[in-house]
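Below you'll find the structure, written out as structure tokens, and then a few comments.
A short reminder: the numbers here are calculations on the coordinates, not readings from a lab. None of these values were measured; they are calculated from a predicted model. So basically every Cβ, Gly included, is an ideal-geometry build from the backbone, and we count neighbours across all protein chains shown.
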Amino acid sequence: MSTIDLDRAVEIFAASSDLTVGIEEEFSILDPQTLDLAPRFEELRDAAALVDPLLHEHITGELISSEIEIISGVGDDLSDALRRQRERRRALFALAGSRAAELGATGTHPWADYREQPVIDTEHYRRVEEGLKYVAWRNNTFSLHVHVGVRDIDRAVRVCDRMRPLLPLLLAVSANSPLLDGRLAGLHSARTQTFTRSFPRCGVPHAFGGWTAFRRYLELLIATHSIIEFTQVWWSVRPHLSYGTVEVRICDVQATAPESEALAGLIVACVAQALLELDDGDRGEPLSGYLIEENMWRAIRYGLDGRMIDFTTGEEYPSVEIVERLLAWSAPARATYRLELEQPSGEPNGAQRQRAMIETGISIRKAFESCVRETRATYSEEVRA
């Protein structure tokens, strides 16, 4: 029987506040000596319950036992969410260190064998494994998700519609998974190819136009026994029915805390601009999914080294211009809502850095060691003012 209460979802969004923020970061759990994936989620979760109950409340599992997610909880705004997440991260990395575990922050593990990764023992993930089999087993991936509060469920669905063309752009900026199965995959986001291209009801959603059509879609899925939980709708942007948020799920986890924070801020600014335009009555025609998919492939394959298509002009532009373009587009919302962002550095992103190391002749293992050191140094630092 379905656990989805659609009427309750309407009530949750009616009570939601615009531009509250929640951040979710997924880390790999590693053996400190070998940097292999280590199935120790339950151990770390239970240890947190004993030494840091607040941290325990903000730890969740994500499919495999060698993955751990840290969540900020609901921040009043972007600044509050970042403050909360910094505290949670610091506590998580301290806990991992005390238990002789390392944490990694790349979208894929460079050499792990997915056949050796146990699925965590929860009702939800037992259901995911039973329903998807190989598709679930193969999904050893690590992401950054950002929730942005939106009042009214119809507005939230329309904001998701407006975010659809931005998904490839945000993916290209975030690309941080060029290594898979012990080799350069030839992709900048192997995570996206592994997860988004394989899971059902995933990737770029249809433009629904509002809650009525989206509800009909969910009712069909429920009636035909396609889903029994809302979280089985894995679209890369979706209205989250339990939280009253627009959830952006397209990005690879980031190798460093500053990159993660800058990316989270950029996502919030984009959602805010979509909301501002919607409230100003600028509905516009939704871009066709097959056009968005052209840019999605470019983001997966080439990341920031490639070129994107501007569908307004019908011309290409260098992907390194994406952040500048998104900041220019979101300037009205940032001014209106007084959003202060950590500006992206303009330096090569995670995928570019890893590829550059490999191309100089450094082994995959040494390159990953460098990534893990970078992650430890930035995510575990003391809470900043």
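Observations on the structure shown:
- Cα gyration tensor shape of the stretch 133-263, rounded if a/c is under 1.5, else prolate or oblate by comparing a/b with b/c: oblate
- Top positive-direction residue, dipole computed over the chain with Cβ charges, set Val150, Pro200, Leu187: Leu187
- Prolate/oblate/rounded label for the stretch 233-322 (Cα gyration tensor, a/c 1.5): oblate
- Residue-wise HN-Hα coupling along the stretch 109-114, computed from phi with Karplus coefficients 6.51, -1.76, 1.60 (Hz; x: Gly, Pro): 7, x, 9, 4, 8, 4
- Selection from Ala136, Ala14, Leu78 lying farthest towards where the dipole of the chain points positive, charges on Cβ: Ala136
- Placing unit charges on the Cβ atoms only, positive for Lys and Arg and negative for Asp and Glu, gives the chain a dipole magnitude near 560 debye about its Cα centre.
- Using only side-chain charges placed at the Cβ, +1 for Lys and Arg and -1 for Asp and Glu, the dipole size of the stretch 266-359 relative to its Cα centre rounds to 300 debye.
- Percent RCO, i.e. relative contact order, over the chain, from Cα pairs under 8 Å lying at least 6 residues apart: 22 percent
- Over the chain, dividing the summed -39,500 (n - 2.57) contributions of all DSSP H runs of at least 4 residues by the number of residues returns a 222 nm mean residue ellipticity of -13500 deg cm²/dmol.
- Integer Hz, Karplus 6.51/-1.76/1.60 couplings in order for the stretch 31-38, x for Gly and Pro: 6, x, 8, 9, 6, 5, 4, 10
- Of all complete DSSP H helices in the chain, those with a Cα span along the helix axis of 20 Å or greater and a mean Kyte-Doolittle hydropathy of 0.5 or more are 257-279.
- Put in line by how crowded their Cβ is, counting other Cβ atoms within 10 Å and starting with the fewest, Leu179, Leu54 read Leu54, Leu179.
- The chymotrypsin sites (Phe, Trp or Tyr not before Pro) of the stretch 129-221 include none that meets both conditions, a loop assignment by DSSP and at most 11 other Cβ atoms within 10 Å of the site Cβ.
- Candidates Leu170, Leu50, Leu187, ranked by Gaussian network fluctuation over the chain, Cα under 10 Å, top entry: Leu50
- Qualifying GluC sites (Glu not before Pro) in the stretch 217-312, DSSP loop, other Cβ atoms within 10 Å at most 12: none
- Across the options Gly281, Pro39, Ser260, the greatest Cα extent toward the positive end of the charge dipole of the chain (unit charges at beta carbon of Lys, Arg, Asp, Glu) belongs to Pro39.
- A Förster radius of 35 Å, combined with the Cβ-Cβ distance separating Ile309 from Thr3, puts the computed FRET efficiency at roughly 0.30.
- The GluC sites (Glu not before Pro) of the stretch 343-385 that meet both conditions, a loop assignment by DSSP and at most 11 other Cβ atoms within 10 Å of the site Cβ, are Glu382.
- Close amide-amide hydrogen proximity is noted between Ser16 and Asp152, each under 5 Å apart and 5 or more residues distant or on a separate chain (H modeled in the peptide plane; Pro and chain starts excluded).
- DSSP beta bridges in the chain [antiparallel fraction, %, rounded to 5]: 90 percent
- Distance-filtered residues of the stretch 234-273 - backbone nitrogen under 14 Å, label point 7 angstrom along Ser226 Cα→Cβ: 234-235
- Net charge dipole size for the stretch 120-184 [Lys, Arg +1 and Asp, Glu -1 on Cβ; Debye, nearest 20]: 240 debye
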